[in-house]
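Colleague: What follows is a structure written as structure tokens; I'll ask about it next.
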Amino acid sequence: LPAPEKFVKDIDGGIDQDIFDINQGLGLDLFEGDIKLEANGKNS
Amino acid sequence: IIGDHKRWPHTIPYVLEDSLEMNAKGVILNAFERYRLKTCIDFKPWSGEANYISVFKGSGCWSSVGNIHAGKQELSIGTNCDRIATVQHEFLHALGFWHEQSRADRDDYVIIVWDRIQPGKEHNFNIYNDSVSDSLNVPYDYTSVMHYSKTAFQNGTESTIVTRISEFEDVIGQRMDFSDYDLLKLNQLYNCTSSLSFMDSCDFELENICGMIQSSGDSADWQRVSQVLSGPESDHSKMGQCKDSGFFMHFNTSILNEGATAMLESRLLYPKRGFQCLEFYLYNSGSGNDQLNIYTREYTTGQQGGVLTLQRQIKEVPIGSWQLHYVTLQVTKKFRVVFEGLRGPGTSSGGLSIDDINLSETRCPHHIWHIQNFTQILGGQDTSVYSPPFYSSKGYAFQIYMDLRSSTNVGIYFHLISGANDDQLQWPCPWQQATMTLLDQNPDIRQRMFNQRSITTDPTMTSDNGSYFWDRPSKVGVTDVFPNGTQFSRGIGYGTTVFITRERLKSREFIKGDDIYILLTVEDISHLNSTSAVPDPVPTLAVHNACSEVVCQNGGICVVQDGRAECKCPAGEDWWYMGKRCEKRGSTRDTVIIAVSSTVTVFAVMLIITLVSVYCTRRKYRKKARANTAAMTLENQHAF
């Protein structure tokens, strides 16, 4: 049975966002997309 | 990452900060269960250890690589990061893993197309040489949960990573579960020889039938066979695809009288957690009245033969297909699992068969949605399917909707529906987490990659029209009719259009024998609502109340001990907070200063006392000596 289009809420908005897409979308510029580094450039 | 100092202890202390979304908290705990099933890594709520992982809702999903010995090490699970594979990915970073495509030999396996990468983002495609990163003698893993997808940092629509073997182009970037090689590396890195919650798996391929034994007190035996004339034609593990293999255990009821039994017992098993989930496939080609009984034989002191306890009776087993079954066990002492086939009344030309048994110390799913002839459904145009109605343990009625209309993705949604308990339930429905899992039907639970999504009912959430999203379905839903003619109301669905791609759905063993299984669990997670020291198992109401009156300072966490709220204060290697509310800071340096200054003070005081004593004594004796001299003079005067 097809469900009415507006009768479901899609938590992903129809886009399969990977970790890196999410972080980029937020304007984050993390090392390799999702690694947090210390200010001196070394892995924190 | 190379360096033993980067490793964590096998049991990692963690804190789930209050900032986390409720759904994320539940997903993180589920991710920990995956670690426990497949590795020796365990997680425990932080109780003052020097280093711990603080999971919080920051901006985005990120982690550091390895144990950085910072005391509190942050790991962010932000908005849209509340997917189980994302949590697994970030924790693998924390455990010491870089991305798969950054390993030293990656250019042998993938081509980085530099001119398709967004300008300025090229640094995300680093390679680490083998003095920084060790691939632990494991082959390059296209299926790693740590691999970028082909679209990572793309400028346009073309792939930034092209696999040298084209078949892997759509494999890279999977976000379902650990791959086999992820586990091999993790277990090697942490010297794991066993996992915490796995107990046994058996597909009956070997003649030793995994150490299972036939009971002596019964009237028949189970037989290890590869096919039965009246069915099944093949086993479940290999589905008859491999010549001279594919075995299962069969209880032939066609040659037995009513009441005959055959008992097959597992080897001895030693529980650690006190709860288990037994999973197996069952096929019936005998009488509809034949039944399978599941027992446990538990060995307690003084009971040499063990105590046999009936755990489940499986009656009216459908004829002619493999069916998945789950049985929840709660055994705390050494035990065996016993499969008893019982010949029922009526004619039989076959019997009962079992295959692909898995036993683990995990929670069983609450419900199974078995979809047969799935290829036909998947191939149909504009098709979608609703599950039968189910009830959660709290009494909420629900239904799952699988959306197959897209040519690339399969969607899945959770709907509350009107049910028999609605008058007694709380509305809008508060904090029920629905977990929907597409089962990978690999015979061995350790080699499965589950595809899972969870959603949580937030009672404050509203729809576009202002009504509460999770309000009573009869109030906010639409009317529909079950196939049997019963009318009901269905609330708005909540889920995702991108549960899995069609391509991945056809991979692995998600579809087996043209069947798929969606495993469903709906559980109350309201206990995760407002305490950051999330104890596992569930805290009591008293925990929440006692701590609600206590505010710990400087990142301290309130826990209840002996019924009293106490602050557990954060500490690093050479610093700590102390006091009733963690209001005072201490450090090794302070201690040294206090010790030195105390010593100097004591020395000074002692010196002053000594000097004063010497001075006073000398003065006293001088006075005395002077007095004696005067007396002597007088005596002499009188003498003359």
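The values are calculated or read from the model by the stated rules, or taken from the named source; none is laboratory data. Since the structure is predicted, the reported quantities are computational estimates derived from the model, not experimental observations. Note: ideal-geometry Cβ built from the backbone for every residue, glycine included; neighbour counts use all protein chains shown.
Colleague: Taking B:Ser474, is it of a type in the set (Ser, Thr, Tyr) and part of a strand (DSSP E or B)?
Modeller: Here the answer is no, as B:Ser474 does not meet what is asked.
Colleague: Which of the residues that make up the stretch B:399-453 are within 14 Å of chain A (Cβ to nearest Cβ), charged (D, E, K, R) and touching a residue at least 60 places away in the same chain (Cβ under 8 Å)?
Modeller: Passing the criteria: B:Asp403, B:Arg453.
Colleague: Further question: Scan the stretch B:320-330 for residues that are surrounded by 15 or more Cβ atoms within 10 Å (Cβ to Cβ) and either under 21 Å from B:Met239 (Cα atoms) or among the basic types (Lys, Arg) (or both) and report the count.
Modeller: So the answer is 6.
Colleague: Which one of the conditions (1) in a loop (DSSP other than H, G, I, E, B); (2) among the β-branched types (Val, Ile, Thr); (3) within 21 Å of B:Ser59 (Cα to Cα) does B:Val132 fail to meet, given that it meets all the rest?
Modeller: Unmet for B:Val132, out of (1) in a loop (DSSP other than H, G, I, E, B); (2) among the β-branched types (Val, Ile, Thr); (3) within 21 Å of B:Ser59 (Cα to Cα): (3).
Colleague: Still on this structure, please answer the following. What are the pairs, 6+ residues apart or on separate chains, where a residue within the stretch B:344-357 that is crowded, with 17+ Cβ neighbours inside 10 Å has its Cβ under 6 Å from a residue that is among the β-branched types (Val, Ile, Thr)?
Modeller: B:Ser348/B:Thr253; B:Gly350/B:Val228; B:Gly351/B:Thr253
Colleague: Which condition number does B:Ser133 fail, the rest of (1) at pLDDT below 95; (2) away from chain A (no Cβ under 12 Å); (3) under 24 Å from B:Ala31 (Cβ atoms) being met?
Modeller: The one condition B:Ser133 does not meet is (2).
Colleague: Which condition breaks for B:Phe640 when tested against (1) surrounded by 10 or more Cβ atoms within 10 Å (Cβ to Cβ); (2) at pLDDT below 60; (3) of a type in the set (Phe, Trp, Tyr)?
Modeller: B:Phe640 satisfies all of (1) surrounded by 10 or more Cβ atoms within 10 Å (Cβ to Cβ); (2) at pLDDT below 60; (3) of a type in the set (Phe, Trp, Tyr) except (1).
Colleague: Would you point out which residue out of B:Leu20, B:Leu29, B:Leu95 is under 24 Å from B:Leu528 (Cα atoms), surrounded by 20 or more Cβ atoms within 10 Å (Cβ to Cβ), in contact (Cβ under 8 Å) with a residue 12 or more places away in the chain and aliphatic (A, V, I, L, M)?
Modeller: Residue meeting the stated conditions: B:Leu20.
Colleague: Is it fair to say B:Ile357 is hydrophobic (A, V, I, L, M, F, W, C) and either at pLDDT below 95 or more than 26 Å from B:Ser197 (Cα to Cα) (or both)? Let's see the steps before the verdict.
Modeller: On the way: hydrophobic (A, V, I, L, M, F, W, C): yes; either at pLDDT below 95 or more than 26 Å from B:Ser197 (Cα to Cα) (or both): no.
No, not satisfied.
Colleague: Further question on the same structure: Can you give me the number of residues within the stretch B:489-526 that are in a strand (DSSP E or B), away from chain A (no Cβ under 12 Å) and either of a type in the set (Asp, Glu) or within 28 Å of B:His236 (Cα to Cα) (or both)?
Modeller: 10
Colleague: Another question, if that's okay. Pull up the stretch B:1-48, narrow it to residues that are among the small types (Gly, Ala, Ser) and not in a loop (DSSP other than H, G, I, E, B), then point me to the one that is farthest from B:Asn358 (Cα to Cα). Write out each step before concluding.
Modeller: Quick first cut of the stretch B:1-48, residues among the small types (Gly, Ala, Ser) only: B:3, B:19, B:24, B:26, B:31, B:47-48.
Keeping just the survivors that are not in a loop (DSSP other than H, G, I, E, B) gives B:24, B:26, B:31.
Numbers: B:Ala24: 28, B:Gly26: 24, B:Ala31: 19 Å.
Checking each candidate, the answer is B:Ala24.
Colleague: Working only within the stretch A:22-40, note down all residues that are more than 8 Å from every other protein chain (Cβ to nearest Cβ) and either under 11 Å from B:Ser59 (Cβ atoms) or modelled with pLDDT of 95 or more (or both).
Modeller: A:Gly25, A:Gly27
Colleague: Please go through the stretch B:274-294 and give me each residue that is crowded, with 19+ Cβ neighbours inside 10 Å and within 11 Å of B:Val331 (Cβ to Cβ), ordered by number.
Modeller: Across the stretch B:274-294, the qualifying residues are B:Gln276, B:Leu278.
Colleague: Quick one: which residue in B:Ser348, B:Ser407, B:Ser353 is touching a Ser or Thr at 6+ places or on another chain (Cβ under 9 Å) and assigned to a loop (DSSP other than H, G, I, E, B)? Show your work before the answer.
Modeller: Working: B:Ser407 fails: touching a Ser or Thr at 6+ places or on another chain (Cβ under 9 Å); B:Ser353 fails: assigned to a loop (DSSP other than H, G, I, E, B).
Result: B:Ser348 is the single residue among B:Ser348, B:Ser407, B:Ser353 that is touching a Ser or Thr at 6+ places or on another chain (Cβ under 9 Å) and assigned to a loop (DSSP other than H, G, I, E, B).
Colleague: Ok, one more. What number of residues within the stretch B:382-400 satisfy the criterion of being surrounded by fewer than 21 Cβ atoms within 10 Å (Cβ to Cβ) and either outside any loop (DSSP other than H, G, I, E, B) or touching a Pro at 6+ places or on another chain (Cβ under 7 Å) (or both)?
Modeller: 6
Colleague: Return the residue satisfying two criteria in turn: it lies in the stretch B:206-223 and is part of a loop (DSSP other than H, G, I, E, B) and either of a type in the set (Phe, Trp, Tyr) or in contact with a Lys or Arg (Cβ under 8 Å, 6 or more places away or on another chain) (or both), and of such residues it is farthest from B:Phe335 (Cα to Cα).
Modeller: Once the filter is applied, the top-ranked residue is B:Glu207.
Colleague: If you go through the stretch B:489-523, how many residues are surrounded by fewer than 21 Cβ atoms within 10 Å (Cβ to Cβ) and in contact with a helix residue (DSSP H, G or I) (Cβ under 7 Å, 6 or more places away or on another chain)?
Modeller: The number of residues fulfilling the criteria is 4.
Here is a yes/no grid of residues against (1) basic (Lys, Arg); (2) over 16 Å from the mean Cα position of the chain (by Cα); (3) at pLDDT 95 or above:
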{"residue": "B:Val15", "(1), (2), (3)": "no, no, yes"}
{"residue": "B:Ser19", "(1), (2), (3)": "no, yes, yes"}
{"residue": "B:Met22", "(1), (2), (3)": "no, no, yes"}
{"residue": "B:Lys25", "(1), (2), (3)": "yes, no, yes"}
{"residue": "B:Arg34", "(1), (2), (3)": "yes, no, yes"}
{"residue": "B:Trp46", "(1), (2), (3)": "no, yes, yes"}
